[in-house]
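The values are calculated or read from the model by the stated rules, or taken from the named source; none is laboratory data. Everything numeric here is computed off the predicted structure, so don't read it as measured data. Because the Cβ atoms are built from the backbone with ideal geometry, glycine has one as well, and the counts that use them run over all protein chains shown. To get the accessible areas, we keep the full protein, side chains included, count just its heavy atoms, and leave off ligands, DNA and RNA. Shrake-Rupley method; radii C 1.70, N 1.55, O 1.52, S 1.80 Å.
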Amino acid sequence: MENVMGLLRIKVKRGINLAVRDARSSDPYLVITMAHQKLKTRVVKKTCNPDWNDELTLSISDPNIPIKLTVYDKDTITGDDKMGDAEVDIKPYLASMRMGLQNLPTGCVVSRVQPTRQNCLADESSIVWENGKITQHMILRLNNVECGEVELQLEWIEFAGSKGLGTQGTS
């Protein structure tokens, strides 16, 4: 843990209009991978609009390593079906964290990230000061699938012994 800058809590809120992979629905779950780390949400049965509200935490050593998410349909007999994937770009969020802002009114927008061909954003993403911390809300459009989006919220956690954000660049 000596090279860890901090922890990134990813609240996987919900899936929106996910692809149908069973008869009329799907049993979706989401997997987040970053380097050797792999985290999963719970399976939500028989829906294409799951409310996960699961919190997954990654340790961040290098912000340039991509954070990948993949949605799957849980199958009992055959292998799980892939329902799309996306990448989470945390560099704009970390840049906002490095501003060292404090004591802003709750709900104050620190920065906005526009959707581009280089990111998976479905809509503008806001980085917001909320209750004494900076969070980023985003909706990601899934790639390699006919439809589907995933709503996330990012929150940075520093802990005793972490390197913090000031010691390493993000370029």
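For Cys147, what is the net charge nearby, where nearby means another residue's Cβ is under 13 Å from its Cβ and Lys, Arg count +1, Asp, Glu -1?
With Lys, Arg at +1 and Asp, Glu at -1, the net is 0.
Once the other residues with Cβ under 11 Å from the Cβ of Asp27 are scored (Lys, Arg +1; Asp, Glu -1), what is the net sum?
0
Evaluate the Debye formula for the stretch 75-152 with equal point scatterers sitting on the alpha carbons, no solvent, and hand back log10 of I(q)/I(0) at q = 0.15 Å⁻¹, in q order, two decimals.
With no solvent term, the Cα-only Debye profile gives -0.60.
Accessible area per residue of the chain at 1.4 Å probe, in Å²?
Dividing the accessible area of the chain by its residue count gives 53 Å².
Counting only Cα, what are the radius of gyration and maximum Cα-Cα distance Dmax of the stretch 11-159, in Å?
16.0, 53
Just from its helices, what would the mean residue ellipticity at 222 nm be for the chain, if runs of 4 or more DSSP H residues each count -39500 (n - 2.57) and the sum is divided by every residue, rounded to the nearest 500 deg cm²/dmol?
When only DSSP H runs of four or more count, the value is -1000 deg cm²/dmol.
Which net charge results when you count Lys and Arg as +1 and Asp and Glu as -1 among the other residues whose beta-carbon is under 14 Å from that of Pro105?
Result for the neighbourhood of Pro105: 0.
Over the chain, what percent of the accessible surface lies on carbon and sulfur atoms, probe 1.4 Å?
Carbon plus sulfur share of accessible area: 45 percent.
Could you sort the peptides 36-43, 149-156 by per-residue average Cβ neighbour count (10 Å cutoff), highest mean leading?
149-156, 36-43
Rule-of-thumb check for the stretch 50-103: C-alpha Rg over 2.2 N^0.38 Å?
After normalising by residue count via 2.2 N^0.38 Å, the value is 1.61.
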